[in-house]
Structures are given as structure tokens and as C-alpha cells.
Amino acid sequence: MPITFDKSTGQFHLRNGNFSYIMRILENGCMGHVYLGARLREAAYPLLDIPFGGFSNNIQTPTRFEYPGGGNGDFRQSAFDLRFAHSGAGLAEPCYKGHRIYGGKKAIPGLPATYCEDDAEAETLEVDLEDGPSGLRFRLYYTVFRDYNCLARHTCVINGGTDTVYLENTMSLSLDLPDSRWNLITLTGAWAREFELNDAPLRVGFQGIASRRGVSGAQTNPALILRRPMTGEHEGEALGLSLVYSGNFKADIEVDQSDIARLRAGINNDTFCWELKPGASFDTPEAVLAWSRQGLNGLSRQYHELYRRRLARGPWRDRERPVLLNNWEGTYFNFTEAKILEMAQKARNLGAELFVLDDGWFGRRDDDRSSLGDWYPHPVKLPQGVKALAEKVCAQGIKFGLWIEPEMVNPDSDLFRAHPDWAVHIPGRFRTEQRNQYVLDMGRPEIVDHLFSVLSGIIGGAPISYIKWDMNRYITEPFGLGLPPERQGEFFHRYVLGLYDLYGRLTGAFPDILFESCSSGGARFDPGILGFAPQGWLSDDTDGLERLAIQEGASLVYPLSSMGAHVSAVPNHQTGRLSPLSFRGMTAFFGCLGYELDPAQFSTEEEGAVKRQIEFYKAHRRCFQQGRFYRLLSSLPGRTGINGPYPQEARYAAWMTVLGSEAIVGVYKLLTNPNRRPFRLKLAGLDPAAQYRVDVWDGGDFEEEDRRLNRGIRGGDELMQAGLLLECNTALRHGDFFSELFILEQLKN
Ligand code: GLA
């Protein structure tokens, strides 16, 4: 996995067993980009790049840079923009000064990032660049991992001069690809329909995504995925760019007239400006590039493995996650202690391991109009307090978890009445409410200290095993009361730093508590938060069919172990749809399973079915949460590339996960049709030389369908090359949303 430097050509070659990343010191001292792709041998590659001696008499030369500024002849979007306080000038030309190569990876101060547990897992290159006239230095960090086809980059700007500098833009990375023959995939959406997948060819000009909401947002997830036009799920080249950040970000691509595609990702410079005094430094968030030539599944697996093992932290990173029951959709705000105890008891009897008390347990909160900020027990609903309730729940043989929304305050709250200035606002202006609430300014240390002290009191004062950390609005009227006018551009990033500080302090103080992030569902489901909370609530949409699409989109980047997935009641509260319990369960199995309903409403049959689901999930959850995941058939029309006038499999979605000798395939029929055509579902990720025992699990809702045919001992080659046989008994009329699981066990030779 070495990183080498060839003095004669000035080339740096970063590589692991599968991919290479090459850059070099250009003739004028700037860093140029040479190559990113399949691994090349150790050698100098002079033909991969053109010489570049500077822009003088060469303006607009199609050069590929590593960290370009503007103002000197490169007219594309730049990696950094700045202004010197005294002169007002905005040009810096960072040139190579030196470098270091070492085993392992350093932490980024104040920011979550990927890491190593052993220095042998990764190698890091630090390249020092300096702008001679100003003394401004840029340190570019590159870490290449031995076991993942991933390259982590970030930038540190150090003011080594005598003038204050205003950083108006400091991207985490910039990357100039030699051609634009790619499709760009982004994950966009809105509340309850997060992770919608867009896939369109790159075109000349400017395209990208950004957030100005204070959080990454349900509208845009901070990732860009490129695939070659012929790349599918299993084959072909794909390149990913994922930003480890939870605030305002930008990720974009500019295709220029020379067909160079410039990718950038970092803090959104539209809402950013950072004052850098002489001697001070600024670290950007980390951006993680991933590369694969095994299609989008191959690319996703790089992110899944790296993020699950070396971004998520703490004891819960590797632990099997508990099956939980959350009361939100079961009761909303309307509950009593007796009702909660009844739900917890029933959850325990069903086999759940954790009961989660959601919103409404504190202050005088009987609806969403009051009490955020007042983190003491609701005197009517919890007359004996959180501790007494948690102890009673635990005494029933199930663990207890609690919902909080630390960053928020309602105007109708004791906290707001005591500290109206703590809520983000511009003095003298109207304060916009969203869900009747304001945002606390997490950029102010006294607010973070207050939250830490109040929340650690609650969490430490009761037997709490799990915290759901919510964040239910975006930031308006951005303004830092503690910041002078020339530093207001720091407001949003300081918010994120304060948030990370609080997350770090609470998760550090309570390492055994499982933290699940949430932001009205998936509005802050990003790699930054994953660095603190190993799982997150993916979406408030719990409809099984919708969830197929949401989980599929999220799985482009995020591992199954990070996805909270719940079974809820029908008619579904978000869509009104009726779907079988087995369908809802088998969708939620591919993630961290929970139930979000009132178990007292179950019929005897449903109770039996849920017991069987939980028992089944527990027996296989390591495979569901930690297995190698494959998207086999998409629920999104046309995504899997199925051709033909009326293809039967276009009515299906299918997923698969493989761990050790076990594999599980989930098959989901969407809308059914009469007189169906049989079809083959080809599996992936098996050992072609091995034999597998194939069994079927249908959750007990339906008659057996394909059980007899597919059951038995099958070769890995047969299962991958020919596939399982589906829809061979057209006499069966299951209706819509039929689902079944195939369980594969690899036999010992
Ligand atoms: C958000 C969350 C839900 C629930 C409610 C409570 O919408 O996404 O899961 O916790 O808040 O108010």
C-alpha cells in the first residue's frame, strides 16, 4: 500500500492493491493531478500529464491541478478563495515546499474523520504548499487505506504571514478528471422521501448539490457518485466522493471546454468566511474518494466497510444492534406512564430488547408547540420521573432508551424565557419558526456547556441504554451574537463544531449508550454524524414500499448497520398504504430492525408473526447488519437495466447480504400481474466453487410459493450464473407486496 515519491519526475504515487492515485509537482511548483484509476505499477508516468510552466502566455491551458486557486489564469471554480485584510487582494499561488509520508492517519481537530486502529492499515502523505509573497501555507492530506479502495483528503490552511486572511472558500478537495464521460448520481429528496436517486450524464458546464440549511439536509446528501455510462450494479468503473460533514456543504462538478471534469467538495462557501489571524490554522472537513471497477455495488461496499469499521466509533460500532420498539407512531404525544409500561412489557414479550420513549416526556410537552429545552420530566405523564420509569421498564426485562432534541428551544419554554438570546436570531428582526421552534446557537460554548450538563444529568441519572438525538428544523436568520461583524461568516461552521463538541462529549461520557441520530428522519444522515452515532433514523416514512427506495438510495454510500429501519402499522401513517406485515418486516430487516407502533393493537396472528420476525432477525442480524450488501433488483423503474417489453422482474426489488458462510436474499414483489412469467434472479457475492443449502422464509403470511423449487443444495456457480427461479406457480394470487427471504448456508467441503 505504499506511497512513493519519484524525485526525478516529482510524481507521488499513492496506491493499495487495487487502485492508484498519481499527482506531481508541476514545472511552476503547483501540484498537478495525473491519474486516478486501476492500480498501475510503480513507475514514473510522464505521458499521463502535460508539462505546465505557469499561466504567463499560457492562460487557460487545460491543466489538471490538485488544489487550484483562481485569479491567475485558471478560470474554473477554485478550491480556495481568500482576501488579505490589509491589501484586500485575493490571490495566492501555493507551490510545493516539502512533504512527509508516514504510516497511519492523524485526527482532524474538532471534526469527525476516518481513522486507523493500527498504523499498518493506512499510509498518509502530507504535502506542504506555500504562497511565497504572503507566507500562507496549505497542507494537503492524503490517506490511502490498505483494505478499502478509498482515499481520504482534507486541507489545512496555516497563516504563516503577518496579515490577517479571510478564507472565503476552502474546499476539502478538488480533483480534475481527464474526461467527462460519466453519469452523475446524486441523492436528493425531501422530508419522508429522502435519498431519491438521480442519474444523468455529465454535461459541459456546472452541476452539483449544496445545502444552506445549517445541516446537510434531506434535500441533498453530501455525496457525488460517478459511473461510466456502461457501469451497472456489478461491473464497470465507478468513483465516489463523500463528505464527512453535517452542515452547509457544496459538492459540484465543472466540465470545461477541454473536457476536464473538476470535482470539488467542502464547506459551502456561499455561507462561509473564516478569519485567519497570523499564526492561526484552519482545517477543512474530510472528503473520502472511493473507486471501484466492480460496478456501483463494488463502490458501495468500499464505503460500507470503511464507514462501518473506521468512521463509526465506540463499543457499539461492532456490536449487534438491539431490536427496539419506539412509541412514536403508536402514541405520538398522547401517553401515560402506565401506557408506556404496557408497551414496554408487550415489546419484551414479542422479543424486542429495547424500548424507546420518543418525544413528549419532558416539560409540559403535549404537542409540538412547547417545552423543547426544558429537559425535566413531564409532571403529569411521568409523575415519578425518568429514572423511576426507566427502572420499571428495565425490571420488565427490556432496556430503556430516550428521545432528545438538544439543539432546539420552543418560544414557549422555561429555557427560552430565561435565555431568549440563546436562540439564533438577528436582533430587531422577525424570528422564523419551524415546527414552532427555534435553534440554539451551538457555536456558543456556554450553550454547549449548559446542554452537556443538563443532558449528562438525565442520561447519567437513570438506567438509559440508548439515546435518539433529533434535530427538527433548519436554520434561518443566521447570526452569531458573540461574533464581530467581520466574523459572521463563521457562524454556520461554528454551529457544526459546537454540535460535534457536544456529540463528542456525550458519547465520550457514556460510551456504552447506543446513540441513534435523527433529523425529521434523514435530514442529517451524513458521514459526519456517523462519526459519533453509529446508526441513524433514515426517514420518517415507514411505508415498506417507500422504504425499499429510500434504503436503496442510502445504500449507495451508507452501510446497513447505520440504517434504523422500523415496521409500523397499516394503513401507513405517511402514505395510507396497506401492505402485509411480512413485507414491512423483510424490508426493515435490511438495517437495524425496530417496531414503531402500539403492540396492544396487534391481533393474535400479528403478535405471532412479529414474534417470528424478531426471532428470525436476531438469529441472522449479524448478516443483516454487517454482511456484504448487494443490490440485485431495484424498486426504481429502469434502474437495474432490465430490457424487454414486459419484463416480469421489473415488478420486483431484491437485495442480498453475505457474511461468512451465510447469505440472505430478500425478494419483494411490488405490483403483481396475472399470468406471470417465471424469471431467474441471479445472486452475487457467493463462492462459485462452494455448495449452498438454500431455504426459504416467508414469515408465515403466505402459502409456499417457490419453496419446493429453490430449496435444496445448489452450487454457488448455479446460483450466480443461472439464479433462483421465481414466479413459477402463476396459480398463486398473493396480490401486491409479496415478499420472501432465501437463506443460504455454505456447506463445508
Ligand atoms: C421527528 C422524528 C420522529 C419523531 C418526531 C418526534 O419527526 O423524525 O421520528 O421522533 O420527530 O417529534
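The values are calculated or read from the model by the stated rules, or taken from the named source; none is laboratory data. Just so it is clear, the model here is predicted, and its values are computed rather than measured. Note: ideal-geometry Cβ built from the backbone for every residue, glycine included; neighbour counts use all protein chains shown.
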Practice prompt. Considering every residue within the stretch 48-64, establish whether at least one is touching a Lys or Arg at 6+ places or on another chain (Cβ under 9 Å), modelled with pLDDT of 95 or more and over 30 Å from Arg313 (Cα atoms).
Written response: yes
Practice prompt. Name the single residue, out of those in the stretch 434-446 being in contact (Cβ under 8 Å) with a residue 24 or more places away in the chain and surrounded by fewer than 22 Cβ atoms within 10 Å (Cβ to Cβ), that is farthest from the ligand (Cβ to nearest atom).
Written response: Pro445
Item to complete: Inspect all residues belonging to the stretch 464-474 and state whether any of them is over 16 Å from Gly498 (Cα atoms), part of a helix (DSSP H, G or I), within 29 Å of the chain's Cα centre (by Cα) and not aliphatic (A, V, I, L, M).
Response: no
Worksheet item: Does the stretch 520-545 hold any residues that are within 16 Å of the ligand (Cβ to nearest atom) and more than 10 Å from Glu194 (Cβ to Cβ), and which are they?
Response: Arg524, Asp526, Ile529, Ala533, Gln535, Gly536, Trp537, Thr542, Asp543
Fill in: the stretch 233-274: number of residues that are in a loop (DSSP other than H, G, I, E, B) and on the phi > 0 side of the Ramachandran plot
1
Discussion item. So if I check each of Ala122, Ala85, which one is farther than 17 Å from Tyr21 by Cβ, modelled with pLDDT of 95 or more and touching a strand residue (DSSP E or B) at 6+ places or on another chain (Cβ under 9 Å)?
Written reply: Ala85
Worksheet item: Residues Pro383, Pro379: which one is of a type outside the set (Val, Ile, Thr), more than 16 Å from the ligand (Cβ to nearest atom), without any contact (Cβ under 8 Å) to a residue 24 or more places away in the chain and surrounded by fewer than 17 Cβ atoms within 10 Å (Cβ to Cβ)?
Response: Pro379
Discussion item. Quick test of your reading of the structure: Ile25 fulfils all but one of (1) out of contact with any strand residue (DSSP E or B) (no Cβ under 7 Å at 6 or more places or on another chain); (2) crowded, with 20+ Cβ neighbours inside 10 Å. Name the failing condition by number.
Written reply: (1)
Item to complete: Report the residue count in the stretch 547-565 for those that are part of a helix (DSSP H, G or I), more than 14 Å from the ligand (Cβ to nearest atom) and closer than 17 Å to Ser216 by Cα.
Response: 3
Item to complete: Hey, can you tell me all the residues within the stretch 518-546 that are of a type in the set (S, T, N, Q) and either over 12 Å from the mean Cα position of the chain (by Cα) or in a loop (DSSP other than H, G, I, E, B) (or both)?
Response: Ser519, Ser520, Ser539, Thr542
Item to complete: Taking the residues in the stretch 582-614 that are closer than 18 Å to Gly330 by Cα and part of a loop (DSSP other than H, G, I, E, B) as candidates, determine which candidate is farthest from the chain's Cα centre (by Cα).
Response: Ser603
Item to complete: Those residues that are away from the ligand (no atom under 16 Å from the Cβ) and buried (at least 21 other Cβ atoms within 10 Å of the Cβ), I need them from the stretch 401-421; list them, please.
Response: Leu415, Phe416
Worksheet item: Taking the stretch 308-362, which residues are within 16 Å of the ligand (Cβ to nearest atom), touching a strand residue (DSSP E or B) at 6+ places or on another chain (Cβ under 8 Å) and part of a helix (DSSP H, G or I)?
Response: Trp328, Glu329, Gly330, Ile340, Met343
Worksheet, complete the sentence: Conditions (1) farther than 19 Å from Asn729 by Cβ; (2) touching a residue at least 40 places away in the same chain (Cβ under 8 Å); (3) surrounded by 19 or more Cβ atoms within 10 Å (Cβ to Cβ) -> Val665 fails only (1)
Worksheet item: How many residues, within the stretch 242-253, are surrounded by 23 or more Cβ atoms within 10 Å (Cβ to Cβ) and in contact with a strand residue (DSSP E or B) (Cβ under 6 Å, 6 or more places away or on another chain)?
Response: 7
Worksheet item: So how many residues does the stretch 77-93 have that are crowded, with 20+ Cβ neighbours inside 10 Å and more than 30 Å from Gly498 (Cβ to Cβ)?
Response: 1
